[in-house]
1. Scan region A:229-251 and report the pairs whose first residue is over 13 Å from A:E213 (Cα atoms) and whose second residue is open to solvent by less than 30 Å² (accessible area, probe 1.4 Å) and part of a loop (DSSP other than H, G, I, E, B), with Cβ atoms within less than 7 Å and a gap of 6+ or a chain change.
2. So which of A:I140, A:I125, A:I112 ends up being aliphatic (A, V, I, L, M), surrounded by 22 or more Cβ atoms within 10 Å (Cβ to Cβ) and under 28 Å from A:P38 (Cβ atoms)?
3. Given the criteria touching an Asp or Glu at 6+ places or on another chain (Cβ under 8 Å), open to solvent by 30 Å² or more (accessible area, probe 1.4 Å), more than 30 Å from A:V455 (Cα to Cα) and in contact (Cβ under 8 Å) with a residue 12 or more places away in the chain, does A:T346 qualify?
4. Give the residues of region A:87-109 that are in a strand (DSSP E or B), away from chain C (no Cβ under 14 Å) and open to solvent by less than 20 Å² (accessible area, probe 1.4 Å), sorted by residue number.
5. Can you pull out the residues in region A:23-34 that are under 17 Å from A:K123 (Cβ atoms) and either facing chain B (nearest Cβ under 7 Å) or among the basic types (K, R) (or both)?
6. When you look at C:E272, is it open to solvent by 60 Å² or more (accessible area, probe 1.4 Å) and away from chain B (no Cβ under 14 Å), yes or no?
7. Taking the condition of being more than 10 Å from chain A (Cβ to nearest Cβ) and either open to solvent by less than 10 Å² (accessible area, probe 1.4 Å) or aliphatic (A, V, I, L, M) (or both), how many residues in region C:331-345 meet it?
8. Hey, A:D134 hits all of (1) within 16 Å of the ligand (Cβ to nearest atom); (2) open to solvent by less than 10 Å² (accessible area, probe 1.4 Å) but one; which does it fall short on?
Amino acid sequence: MYEAVIGLEVHVELLTRTKLFCRCSTRFGAPPNSQVCPVCLGLPGALPVLNGEAVDQALKAAAALNCRINRISTFARKHYFYPDQPKGYQITQTRPLAEGGRVDLGAFQVNIARLHLEEDAGKSIHTPECTLVDYNRSGIPLIEIVTEPCLRTPAQAREFLEHLRLIMEYAGISDCKMEEGSLRCDANISLRGPGGSTAVVEIKNLNSFRAMERALAYEIRRQSRLLAQGKAVAAQTLRWDEAANRTVVMRSKEEAGGYRYLPEPDLPPLILDEAAIARACRLPELPLARKARFIGAYGLSEADALILIGDRMLADWFEAAVAAGARPRPAANWVLGEVARLRKETRHLPFTPADLARLIDMTERGAVSVAGAKKVLAVLAERGGDPEQIVHSLGLAQVSDREQLAEVARQAVAENPDAVRDYRSGKDRALRFLLGKAMKLSRGRANPQLLRELVLQAIADAERL
Amino acid sequence: MEITQEQVKKTAAMAKLRLSDEEIESLHRLLRELVARSAGISLPEEEASTAEPGEAAAAPAPFSRPQPGLRQEEVVALAPAAERGFIRVPRVMDHE
Amino acid sequence: MNELKSLSLAELSELLAARKLSSVELTSYYLERSRKYQKDINGYITITEDLALATARRADELRTREELPLLAGIPVAVKDNIVARGAPTTCASRVLENYVSPFDAAVVEKLSLNPLLGKVNLDEFAMGADNKTSAFGPVRNPWDLQRVPGGSSGGSAAVVAAGCAPFSLGSDTGGSIRQPAAFCGVTGFKPTYGRVSRRGLVAFASSLDQIGPLARSIADCALVLQAICGHDPADATSARQEVPDFRACLQADVRGLRLGLPRENFACCDEEVAGAVEEAARQLELAGATVHWVSMPYRDEVVTAYLLIATAEAASNLARFDGVKYGYRGQGQTLDELYTSSRIFGATVRRRLMLGTFALSGEDCPACYEQGLRLGRAIARHLDSLFRQCDVLLLPTAPTVAFTLDGEQDPLASYYNDILTIPANLAGLPAVSVPCGLSSGLPVGMQLMAPRFREDLLLRVGHTWQCLTDWHQRWPREVN
Ligand SMILES: [Zn+2]
């Protein structure tokens, strides 16, 4: 059988206020060609100036991926003609900012070959009649992260990419929105078998995690079939066609004769001082460390912790609720259940983790039932407000008053002697019937645990009479 | 190394230049000369210098707020063809 | 008013400051001369009369309220590869025929109170040494209209030589300021690489290009340098070097200065040219300098290094002219047709782009560009070693005087005309050409070269020379 050898080239758009070599805004979604200047439009006479914020962001990424940061890195021009490439070349790095990183995912480890800064191109829109170009994206800072070909399965590739996205998000390096193109991935894949390895095939246009996994799986099937038929696998550049669910051969942007790299004469080498490197290494807590803390400090299960850290907003929510006094495990349940569901429905949450903490506290005190609390949360999600007041206004306040409920229990027992008899003769269903009657008498507001205790008490008392 | 006319034509294709046959012929000679000259260079190995003498390090620009560049009307006015604020070119046949 | 053209920039500045002359009067005078000689010399691609007069009026108006910088109000001609808002920047190419830059070059910003007479002619994209490759016709040498003005800043040199502009800006990549200055009998100054911001200079070979002034004397150049030098945070290759008081540098004489004369650089020149420059060295010796013959053994290497570096960078820099975002667009149904029909450069530019593309393409020419850089560094190191033996190098600017317009030259042989000027670009050194004689009635240029950021030495030697002689004050008969 054959083993897949997969390497990824990931492009991550950095979160910076301005572009890599000019002071144009990086805001997404502006009208076409409204965030451009002589530099990012490649006008004659324009010169690039390196943006320090982008350097710091790239350094953070290098530190987060455990890379070795090069004190001296150099810029180079990579040439190709394409309408969305305004200068006829892309400024990238030949001696990269960082090399030799490592990401440990427990079950497997991914080695990072290099990480470098480069500028994005504009965006082409292809219509049936013509191609339209918008240069707003031209010059937006990217880092390219190249892994060693150390991934073995499409699932591993996906897990790594998802984890990479989390790291970038946690460290505030990128928002990694695949749908907006701020995280893009190309993959290299070959098959290795007893007879040697196939040629390396590059797959582009993997613009979702799912697309990546499916494209790689497809390629493994396709190449295995070719090998089984005794055919060779051509070294080519493919693209994933989502609609057709297959890879197709792509005309390469690259010219015959290569990219003709030229050391960038407009930009001297980037020389980093220790202070800049040290600054970059002060990272916020990264996802794996957070997971360990959730398990260790909060006693969450591995599974819950994993889901929570995978969604940074929920994880933050969870921690804020705990900080506001909620017990960790119920808080995790609520956040992973109701809060996640409500966020998905309403797209935003008008209530605070403190609100949730109070609600959890009320359920634990028996002041509101779990079902009632869910209703309260729905109201909070809809229009916000004060949890206690909502409990009151919805009449959800749970009755936990012993005297009051004992009266209700006695009444239910007195009014249903048949059921009491059935219960005594061993029919469990009869108790549920009595509890239902009692709950109804309390207009559904009784604390169920307490009510059960008091109904049993009332049955016992009736017997003695 | 022998340079062929094909290589001259390939270079013209890379440079996106349309050349006459006479030009290709004369460039053929010139490129041969260039390769010979380049191959003829023999210099003592340089000590591995990190940067050119006197060459400044790239000083990254301090963080700054975005500044207005060109307005869409200006960009469109410069362009030979535009449509709805986009620059228009003939349809690119293949994807990417 | 005919004598205005003979006044120095300092004298004009005084007249303007004393309000004995207005900028509008001065500008009108030069505009008139510019128009008058345009037909013969073809020095301009565009004469920007309205722009010039508007700036002149603004300068005059401002002067009624405040004291203005020394050069304010004095008109300037700018090489047409330096962008200025409101005027076309063509680079003498069809590719940019109607291009108007939406921003000003750094030097244009710095000269914002200097009326822009016009954009002056050059070799297409500054590639050439005779100004014959301009898409808008060749420039003619005011000293002999059948001869070339040199290049690529041929227009910058010719308009100053003809008294059509008191000073001009040029750019120098392999001698493009100095050689035309020599051919036209004016003073042309290439500052140290990084002294003047390149922002707004349409790049030819980014690591060699440098903007500098062409004027009627070293003293005039000093004033212009003062105005245009200095660090620009928007040019990453701009030097963070203190700018000295260049006018003060003119005060010192040459006593005790060691002048180095590279033997081989004289041997390769026409006899009269070499003789005139040697004679100049002797006179400077009489003024107190000492003269030392030194060796500059590099010859083919200079041409090879330049060929590899300049063409490779040019191929890269000119990739942006693709007919997509601005400039000329040809007809094409496909992208490739659009590109090839839009990149309608002249023959010389096409040839250099081919050489450069080839040099960068790797497989056929392995490490060509890197080899060029190494060679350039070796030459720079040799020059460094010469500066341990002397303070200033003194040599001819060009091997010959201006040649005739009709001659055709082998493309490779033509590079050998530049072997005296290229080394300063390879090493980033400041260098200047000053008039030092006439040969068959045509100007001869003497080149002075100094270590990086030692423009002061060039000003000292050049000014001393111009105090001793009047070669720089001669006028071509045709324009007097
Ligand atoms: Zn920009």
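1. Qualifying pairs under 7 Å: A:V233/A:T198; A:T237/A:M250; A:L238/A:M250; A:R239/A:M250.
2. A:I140
3. Taking the combined requirement at face value, the residue satisfies it.
4. A:Q93, A:A98, A:G101, A:V103
5. A:C24, A:S25, A:R27, A:P31, A:P32, A:N33, A:S34
6. For C:E272, the condition - open to solvent by 60 Å² or more (accessible area, probe 1.4 Å) and away from chain B (no Cβ under 14 Å) - is met.
7. Matching residues across region C:331-345 total 3.
8. (2)
The values are calculated or read from the model by the stated rules, or taken from the named source; none is laboratory data. For clarity, every value in this text was computed on a predicted model and none was experimentally measured. Virtual Cβ from ideal backbone geometry, glycine too; neighbours counted across all protein chains shown. For the accessible areas, the whole protein counts, side chains as well, though only heavy atoms, and no ligand, DNA or RNA atoms are used. Shrake-Rupley method; radii C 1.70, N 1.55, O 1.52, S 1.80 Å.
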